[in-house]
Each structure stands twice: as C-alpha cells, then as structure tokens.
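Worksheet: one structure, shown below.
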Amino acid sequence: MSDLFLGLDEEQLQIRKWVHDFADRVVRPVAAEWDEREETPWPVIEEAARIGLYSLDFVTSCSADPTGLLMPAVMEEMCWGDAGITLAIFGTTLGVSGIVANGTPEQVGEWLPQCFGTPERPALAAFAVSEPDAGSDVSSMRTRAVYDEAADEWVLNGTKTWITNGGIADIHVVVAAVDPALGSRGQASFVVPKGTAGLSQGQKFKKMGIRASHTAEVVLDDVRVPGANLLGGKDRLDERLARAREGRRGQRSQAAMATFEASRPLVGAQAVGIARAAYEYALDYAEARKQFGRAIIENQAVAFKLADMKVAVDAARLLVWRAAWMARNSKPFEAAEGSQSKLFAGETAVRVTEEAIQILGGAGYVKDHPVERWHRDSKIYTIFEGTSEIQRLVIARAISGMHIQ
C-alpha cells in the first residue's frame, strides 16, 4: 500500500507524455471531423491498438499502478485531445470493469482479452445497465434473466438504452433482474458475445456532444447464453439472493453499482481533461487577442475568469486523484469521495468550457474554435454514470448516515 502523494513519478510522467503526444498528434487533428461524422473513429482506435495504448496489457498495467493515479492521468490527457474519441477508445473499460467487479478469476481470464481483441483486429466491449424507465433508479430494471435448468442456459429479454458501444461491441456485459422483487439486490451480470441470437442494436442516438462515441439501444429478444456466462457463477448468485431474501447484507455491492463505484473517479478525470483543454485554449487566446490596444488578459474581468478556471481545474484533479488513490489502496469512501470527484469535475468542465466561450466572445460560439465542441462534450459529465443530483444524494447519505430521498 502506498502513502497518499499527489504527484507522479518519473515512469508515470513518461507514460503521461506518451499519451499526451498521441492525443496531440493523432486525436486532436481529427476531432472535429469525427464529431461532425458522428461515427466510431476506427482509424484512431486501430492506431491506438497498434501502438499498445488500446490493449489489455496497457489497461491492466495502469490499473495495477499502486498509487492509482496513472489511469486518471491517462484519461485526462486523452480527453484533453477529445472526449468523444476517448470514449470510443476506452469505453470498453466499462465492460471490463463489470467483468472484473463481478466475475470469477477464470471468467476474467477468459473474457477480458476478448474485450480488446488484437492489434490487428481490435474489439470493443459495452456495459449495458440503463433502460428507458431505469436510469438513475437501477432498482426499477425490467430486463429479465430466467434460468433454464434443463439446458443450463440463461434467457435474457429486455431493452437497454444509452449504451456506449451498444450493438457494435464484441462483448456486451448485461445487467438483468433475476429476482425483480429484490430490486437492485436481485440483479446479476451476464456476458453476451457479438452474434448471439436475439441480440441486436436498436436506435442509435444523435447526441449534443461526445459524438465520436457510439451510443445506442441494445435489444435482447430471447437471448440465450450458457450458464458459464453468468458473472460470478450460479452458486454465488444463489447465496447472494438467499441473503437478500432473508434480509441479510452481503459483502459486495450489487452488479451495476460495483462498476460505477470503481469508474466514477476515472469519469471525473475525463472531465478534468476537457476543462484543462478549454482553460489552456482560453489563456492562449486572451494573451494573443488585442482590444483597445492591449491583450484582453490585461483586463481584470478576463484575468479573474482565467484565475478561477485554473483553480477549479486543479481542485477537480486533486479530488479525482484522492478518490483514485483511495480506491486503489482499498480505503473506504466514507464521505462518498468517488462521487465527490465526479460531481465537482463534471460541473467544473461545464463551467470552465462556458467561460472559455465567453472569453473568446463570438469566436467561441462558432466551430472555427474547439471551445464550442468542448462545451457540448462537457455536459454529459453531469449526466452519465450518475447525474449531479444522484452524486449529491450519495454524498448526503454518506455524510449524514441517513437514507435521504
């Protein structure tokens, strides 16, 4: 276990520079194009796979970093390049997190390589939780999983929505209700490979931002998967359901929340990357832009905006790094530190990108400059993986010890 030290060592700094160079050289030059096309940027994913940035080895190495800071640093640099392309590349890690959080060691060993594919043929994964009537309220999930004992198969029916890589992924990790009467405690996760009969893509969404990232419905119509595709195995599920029916608490979080708890600081790190990009761009613009015979940064109104932007970006990063360090070193989130980091970083990204537009004035409102795209991208960070309101609810419950609704 490492001590809390919010700095990067030499190796981490080198990796961060390597990722930054990729974001600068490969991602930024094509970000506007893929935003306009609203398509998965396969050439960028393939290049990331070719150099080893998109690979199980790299993600595993980052996740094993004892400080917990390397993966947040990587996410920040990538989203400094472009958030939509970052999610197209690393959206797979959501599915990976679902497998790691809920699967047996044997399942982890079997399925994780298939989430990434090979450098020659990269693959994608998806984590399917949200539904039309079950977004923040995952306990209302209607997708059902019924066990066919004679065939040792699970039959899945339902529709998932807002799914990153939904329908195009090679591996879908689907959370479904096994015992709906138990709410979120009656749910389990299943691996559904691409090409499974009854699995299809529904509506593909046209979004305000992160448009290079594919988001769609996933339809499950009598989808049958082997019993071995139940993450954690049936014995563990039966034991957990028995505890829930008896009113006893288990040691593990329910299937969806186990993934979100681990991923919230990384989502916060992505928001920090967007905010930092906007701050740096606005600072450069304010130093170069002349009005009334002087650079606009010499005006206190502009300079103070930039000062507040810098403070907010750095504060958000510190919250993210604290939460990431705590998660990696098994420190309990006693005050919902993961939610704190995601809440503050997401709202900082929205605020900082809006101020960047204001500093650029009319120039910031048109596509000639990237700040309008960054502002569009930032908004999702107050919505997905738990809205800002849900984060506040989680924090309020943690600090009060009361079940606030």
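The values are calculated or read from the model by the stated rules, or taken from the named source; none is laboratory data. Being a predicted model, the structure only gives us computed values, none of them experimental. Cβ sites come from the backbone with ideal geometry, for glycine too, and all protein chains shown count toward neighbours.
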(Q) Out of Asp235, Asp152, I need the residue that is surrounded by fewer than 23 Cβ atoms within 10 Å (Cβ to Cβ), more than 20 Å from Glu131 (Cα to Cα) and modelled with pLDDT under 95. Which one? (A) Asp235
Q.
Show me the strands (runs of 3 or more DSSP E) found entirely inside region 142-190 where at least 2 residues are at positive phi and within 25 Å of the chain's Cα centre (by Cα).
A. 153-164
Q. Which residue, of Lys310, Lys305, Lys331, is assigned to a helix (DSSP H, G or I), basic (Lys, Arg) and surrounded by fewer than 19 Cβ atoms within 10 Å (Cβ to Cβ)?
A. Lys310
Q. Of the residues in region 325-374, how many are of a type in the set (Ser, Thr, Tyr) and over 27 Å from Asp24 (Cβ atoms)?
A. 2
Q) Which one of these does Ala345 not meet: (1) surrounded by fewer than 15 Cβ atoms within 10 Å (Cβ to Cβ); (2) within 25 Å of Ala126 (Cα to Cα)? A) (1)
Q: Working only within region 166-219, note down all residues that are among the aliphatic types (A, V, I, L, M) and without any contact (Cβ under 8 Å) to a residue 12 or more places away in the chain.
A: Ala181
Q: Of the conditions (1) farther than 23 Å from Gly233 by Cβ; (2) modelled with pLDDT of 95 or more; (3) surrounded by fewer than 18 Cβ atoms within 10 Å (Cβ to Cβ), Leu87 clears all except one; give me its number.
A: (3)
Q) Condition test on Gly247, is it under 20 Å from Gly95 (Cα atoms) and either touching a strand residue (DSSP E or B) at 6+ places or on another chain (Cβ under 7 Å) or free of Cβ contacts under 8 Å to residues at least 24 places away in the same chain (or both)? A) no
Q: Residue by residue through region 293-309, note down the ones that are closer than 15 Å to Ile357 by Cα and not hydrophobic (A, V, I, L, M, F, W, C).
A: Lys305, Asp308
**Q.** Residue in region 375-390 that is farthest from Leu343 (Cα to Cα), counting only those that are surrounded by 17 or more Cβ atoms within 10 Å (Cβ to Cβ), of a type outside the set (A, V, I, L, M, F, W, C) and modelled with pLDDT under 95
**A.** Glu385
Q. Which of the residues that make up region 361-388 are of a type in the set (Phe, Trp, Tyr) and part of a loop (DSSP other than H, G, I, E, B)?
A. Phe384
**Q.** So Ile89, is it closer than 18 Å to Lys379 by Cβ and among the hydrophobic types (A, V, I, L, M, F, W, C)
**A.** no
Q | Unique match (being among the charged types (D, E, K, R) and crowded, with 19+ Cβ neighbours inside 10 Å) among Glu131, Glu120 | A | Glu131
Q) Here are some residues: Ala64, Ala101. Which one is at pLDDT below 95, within 30 Å of Gln187 (Cβ to Cβ) and surrounded by fewer than 21 Cβ atoms within 10 Å (Cβ to Cβ)? A) Ala64
Q. Within region 31-60, can you find the residues that are over 14 Å from Met78 (Cβ atoms) and acidic (Asp, Glu)?
A. Glu33, Asp35, Glu36, Glu38, Glu39, Glu46, Asp57
(Q) All but one of (1) touching a helix residue (DSSP H, G or I) at 6+ places or on another chain (Cβ under 9 Å); (2) modelled with pLDDT of 95 or more; (3) among the aliphatic types (A, V, I, L, M); (4) surrounded by fewer than 18 Cβ atoms within 10 Å (Cβ to Cβ) hold for Ile404; state the number of the condition that does not hold. (A) (2)
Q: Report yes if some residue within region 116-139 is in the same structural domain as Asp170 (by TED's automatic domain parsing), of a type in the set (Ser, Thr, Tyr), part of a helix (DSSP H, G or I) and in contact (Cβ under 8 Å) with a residue 40 or more places away in the chain; otherwise report no.
A: yes
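Quick grid of which residues meet (1) farther than 30 Å from Ala128 by Cα; (2) at pLDDT below 95; (3) polar (S, T, N, Q):
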{"residue": "Ser253", "(1), (2), (3)": "no, yes, yes"}
{"residue": "Gly268", "(1), (2), (3)": "no, no, no"}
{"residue": "Ala282", "(1), (2), (3)": "yes, no, no"}
{"residue": "Arg289", "(1), (2), (3)": "yes, no, no"}
{"residue": "Ile296", "(1), (2), (3)": "yes, no, no"}
{"residue": "Gln300", "(1), (2), (3)": "yes, no, yes"}
{"residue": "Lys305", "(1), (2), (3)": "yes, no, no"}
